[in-house]
Each structure stands twice: as C-alpha cells, then as structure tokens.
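Undergrad: This is the structure, below, for whatever I ask next.
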C-alpha cells in the first residue's frame, strides 16, 4: 500500500516531522510518500493562506497520486479535503477529521489543542462543518508564532497545560492534537492527562489504511462524483491533465 502524504504548505521540516510520525503509525508494508507544496505560506494559519494551499494540494495530487492507494492531508486544517475527495478515486483523509471521528468512539466530548491562537475560530468552523460541534468541549491553542515551532519544550508544556484545562474545566474525555508541527508527540501527553490523546497523523494514516482495505467505490452520483472534463488554463500542465482526463487510473 502506498499512502501519499500531502503537506500543502512550503515547510519541508514540517513534512519531515509528519512523515516520521506517519511511518511510525503505519502498518508493515505501507509506504509513506511525503510531498510538500511549492508555493504559498510556510505555515498555513489563515483562511487566505488556506485558499492558496488548496490549489497547492490539488496540484500535488495531480502530480503524485497516480500510483498511490490513498491520500492523507498533512495540514491540520484539512486543507483541500473536499476538492481532493471530489477529484480522486482513491480514499482521501484529513488528519484532523480522522482524529475527531476516532475521538467520538472513545468519549462523549473531545477537546482540541493546537498552535497559534488566531487559528481557534478556523478549527471551530472546521469541526462544525463535520457536524461534530455538539461533541466539541473546546479548542485551545498555544500562543506561539510559526517561526518558533522548533521550540518543542515550550510547545509541549503549553499543550499539556491547555489539554489539562480542557479535561478539568470543560469535561473533555479525549484530547485531539491538531497540528502537523506537533505530529507524533501525543504519547508523553497521554500519560499526564489520564484521558486518551490522539495524534492527527497517526489517526489519519490508520484510517486511510482501513479505507483502502474496505475498498469503497468512488461515487458516481452526488457532490463527490468526479466532475466531467473541464478546461483549466494557466496552471501546471499536470493539473490541466488532471481536469481533462476524468477516466484516468488513480
């Protein structure tokens, strides 16, 4: 099984963190294929940056999805998820969507901890879009700028404090770590909390593997049916082909 991991921002160090966590979570025989956006924000933290990154995600899928069995979006705002589900015939998983859905199997209410306070409304909107707002105990974010994302000791301390506050004060029974920059750091946190802590990367990888094994068919009706051939101009040639050949093999 080949799993394409799409990081639609332009920070290769974040791609490397996610790839490492993805390989640790993957089953034997699953090959992780990580790719990074070539244009756009270094770290996606606003709606406008996300709009650019959706283009980047679709372009990366056009170039790299052909020999893969599934896609995981390695941006915790699940950037481009709907577009890729519409265009691809293979399963596409958003890391935060996966973690939130799995959280619902472990507790009544879950809390989300991420990085950057400006992103809080974006996560609230994202989770409401998944229909899970009634299960959400709250979203908290470490007050830190993207340029400091390498300060892992500071981040770990902030994440632990906010997660404990969600458990003690908001009744969270599961904590979701939303952030590609903190991929794979849920283990030590879980021991401190006394409730499950879920890493979006691990959840995304294993949900993608499950979907590949289940073998669902691409819908031919509804909003996720592949659109007919479209003329798309002034973009990467692979993206033009992506839209003009609707029956290409995935």
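Undergrad: Here is a check on your reading of the model: is residue 26 within 16 Å of the chain's Cα centre (by Cα) and farther than 28 Å from residue 187 by Cβ?
TA: Considered against the rule, which asks whether it is within 16 Å of the chain's Cα centre (by Cα) and farther than 28 Å from residue 187 by Cβ, residue 26 comes out as no.
Undergrad: Which members of the stretch 109-138 meet the condition of being in a strand (DSSP E or B) and either more than 16 Å from residue 197 (Cβ to Cβ) or more than 16 Å from the chain's Cα centre (by Cα) (or both)?
TA: Result: 110, 111, 136, 137, 138.
Undergrad: Are any of the residues in the stretch 178-195 in a strand (DSSP E or B) and touching a strand residue (DSSP E or B) at 6+ places or on another chain (Cβ under 8 Å)?
TA: No: zero hits.
Undergrad: In addition: So, of the residues in the stretch 65-82 that are at pLDDT below 95 and surrounded by fewer than 22 Cβ atoms within 10 Å (Cβ to Cβ), which turns out to be nearest to residue 232 (Cα to Cα)?
TA: 66
Undergrad: Looking at (1) in a helix (DSSP H, G or I); (2) at pLDDT 95 or above; (3) more than 21 Å from residue 4 (Cβ to Cβ), which is the one condition that is false for residue 205?
TA: Going through the list (1) in a helix (DSSP H, G or I); (2) at pLDDT 95 or above; (3) more than 21 Å from residue 4 (Cβ to Cβ), residue 205 breaks only (3).
Undergrad: Consider the stretch 29-47. How many of its residues are assigned to a loop (DSSP other than H, G, I, E, B), in contact with a strand residue (DSSP E or B) (Cβ under 8 Å, 6 or more places away or on another chain) and more than 16 Å from residue 180 (Cβ to Cβ)?
TA: Selection size over the stretch 29-47: 1.
Undergrad: Could you list, in sequence order, the residues of the stretch 102-134 that are within 20 Å of residue 202 (Cβ to Cβ), surrounded by fewer than 20 Cβ atoms within 10 Å (Cβ to Cβ) and touching a residue at least 24 places away in the same chain (Cβ under 8 Å)?
TA: 104, 106, 107, 130, 132
Undergrad: Of the conditions (1) surrounded by fewer than 19 Cβ atoms within 10 Å (Cβ to Cβ); (2) part of a loop (DSSP other than H, G, I, E, B); (3) touching a residue at least 60 places away in the same chain (Cβ under 8 Å), residue 172 clears all except one; give me its number.
TA: (1)
The values are calculated or read from the model by the stated rules, or taken from the named source; none is laboratory data. Note that this is a predicted model, so its numbers are computed, not measured. Every residue, glycine as well, gets a Cβ built from its backbone with ideal geometry; the counts of neighbours run over all protein chains shown.
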